[in-house]
Amino acid sequence: MQRTVVVAVALALLTSAGVAALGGPVAAQTDGSPAVHVTADGSPLDLGEVHHTSSDPWLTVSATAPAGETVSLMEIRVDGETRHAFEPSTREVEENVVLDLRNGDHRISVVVRGGGVTTHSATVVRDDRAPSVTFASPLQGAPTGYETKTLDRLGTTTPVFVVDGDAVSTLTEVPDRTVSNSTLTVAGTIDDHSDIRAVRIDHAYEYAPVGGREDGGEDFTFDPVDHAPIHPSVEVPTGDVDGDGFPDRLDRHFLPSPGDSFNETLTLALGENYLRITVEDVLGNVAVYHVVVAVDDGTAPTVNVTRVRYRSPTRLHVEGTVSDAVQVHDVWIEDTILTLDEIEADVDADELDGMDVCAAADVLDFEGDDELCTVYPGGTVHVKDDDSLVVRHRMVFRRPTVPDADRKRIDFDTTVYHPPGADNVTIGANDTALNERLRSDALSTYLAPNVTISDRRTGYVEGRTVSVGGRITGGQPADASVETLDPDTERLVDVRPVEIGPDGRFATRLDGLEEETRVRVRVRDASGVEYLNSTTVTAPADEPAPPPDTNDGDDGDSEAARTGTPAAADDDGADGFRIPLLGVVVPLGPLGASVSVPVPFLGPFDLPLAPVGVLALLAGVGAVARRR
């Protein structure tokens, strides 16, 4: 039995190998049936294959009947409907037909009878339409699209579109969208009968070179009307298309084989951005979409100063970030140097504004003007509304306004000059639209430590010795000390330097006064400014002497009197055991003492406390037994 199975498997493998050696799939046929071969537009159309065409396909069908037989019938069917029928009555036959097809998928079947019957089936996809794109927000419904039917196919002549019956090569109008962020996602879904070969996005815009545009100058524009060609094979012009002095630039994005959707992130320039979006399928059908996206920026950048470190009386190390929805232009630290009233020379404030600091030093006449160029290299002088002169020392320099995603958020980490004695730090920034933001903080905002004294760790510990503990956190502390003083006269009693631990903790012990002592913590920051925090501690009261051992009644030294809080009592208002039957409460005292017990009919008499306790215990047990 096993040997039979092995032989069967071997025969099956040999049969499969033989079929594979003969090539691809063949038409379904019975023994003695004719052989059928089909081509579409000159390319073999094998059994089950899918053929794409942008026009009505040219079909060639050849058939050969077995020896001694003739082909009596050949039918060509489209989606089950017979379109062509031939009765050649010859052993070999070849027929050529053009199939009139609508756009879409079609099942093509060739049925041939010659001795037997052979059926050859395949799929032909006719697609002469350009892909259709549905754009996602924010471009939803905005772009104007031109499809293959309005576009002459590429040849030796310049391609044109036929729009409303007129042949045009450049755009006559383009819709627009306005956004406030330079990051734009161009996304959409594609509807087409064929696979998509590629999506191409051409992005044209105008920009300013180094130094940026002038304050109050013209907006950046790129108007594609009458300039931008409709067809994607024609280059979008750049240079200075509108003649306003600002150069134009073209960025390209290529997305091969995107499938039925695409998603591409662009960084836009300030002003108008022209987008030409081309979608092409594998048959060369092209759809071209056009839109202008204008970036309008009316919001100044956000300045976040994360750290300021004092390096020396004239140097600060500053760290932070500047972010903007469009693009950061430059970042600077700003210092006030003087007012116009302090200048002896006759100067024009408008001419002085924005001047290089070295050139301004030659014009100005005041004490220390020769140092400006040295301490602020590359800085510029600006005139404020209150006629004060400030110098801007840049930490991030301007670049051309070409879109740059990395300049939407910029870090600064540098050491800068700081005038001696100045008690504030001002950092400014602007974006490519010249929206300006200034942030000014007192220097102590970054240098002042937070000084706390712990109540739990501070107080008298032994005699007049006072323990002091706490934490010094934040800021930039340089050194710290703790001192004790007379709270009435502020006379210094003791002082000790303290070390600040890694977590800011400090602790020390000092001499104090007998009853009450003021504790003060002094901390100096790196610039020498001192910060104080203080508290007053009181020595604990002496322990009272024990009361005399008498039974003469209350001597006024009860627990409530000693502690200032009421003594604890049971529910009956007395401490002790109640003796059942007798109704007597026996106080809990020393076992060697005696108590006076009132007994009905007999009168009171004294009992030792120990037997009474035993009696109370036995009576309690008896009472419990009776209850059961």
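Measuring with a 1.4 Å probe in the full set of protein chains, what accessible area per residue, in whole Å², belongs to region 78-123?
53 Å²
Could you give the size of the charge dipole of region 239-332 about its Cα centre, using +1 on the Cβ of each K and R and -1 on the Cβ of each D and E, expressed in debye and rounded to the nearest 20? Once rounded to the nearest 20, the dipole reads 880 debye.
For region 35-126, pairs of C-alpha atoms spaced more than 19 angstrom apart make up 34 percent of the total. In this view, the solvent-accessible surface of Thr265, computed with a 1.4 Å probe and all protein chains in place, comes to about 80 Å².
Taken as Cα centroids, region 40-119 and region 226-261 sit 47 Å apart, rounded to the nearest whole angstrom. Of the residues Ser33, Ser527, Ser89, the one with the largest accessible area comes first in the ranking Ser89, Ser527, Ser33, computed with a 1.4 Å probe on protein heavy atoms. Simple point charges give the picture: +1 on the Cβ of Lys and Arg, -1 on the Cβ of Asp and Glu, and for region 450-538 a dipole about the Cα centre of about 320 debye. Taking all protein chains together and rolling a 1.4 Å probe, Asp413 ends up with roughly 100 Å² accessible.
How many percent of the alpha carbon pairs in region 233-359 exceed a separation of 27 Å? So the pairs more than 27 Å apart make up 56 percent of the total in region 233-359. Pairs of alpha carbons in region 302-444 separated by more than 25 Å make up 30% of all such pairs. When Rg and the Kirkwood radius Rh are both evaluated on Cα atoms of region 213-298, their ratio Rg/Rh stands at 1.01.
The values are calculated or read from the model by the stated rules, or taken from the named source; none is laboratory data. Source: prediction; values computed, not measured. Virtual Cβ from ideal backbone geometry, glycine too; neighbours counted across all protein chains shown. To get the accessible areas, we keep the full protein, side chains included, count just its heavy atoms, and leave off ligands, DNA and RNA. Shrake-Rupley method; radii C 1.70, N 1.55, O 1.52, S 1.80 Å.
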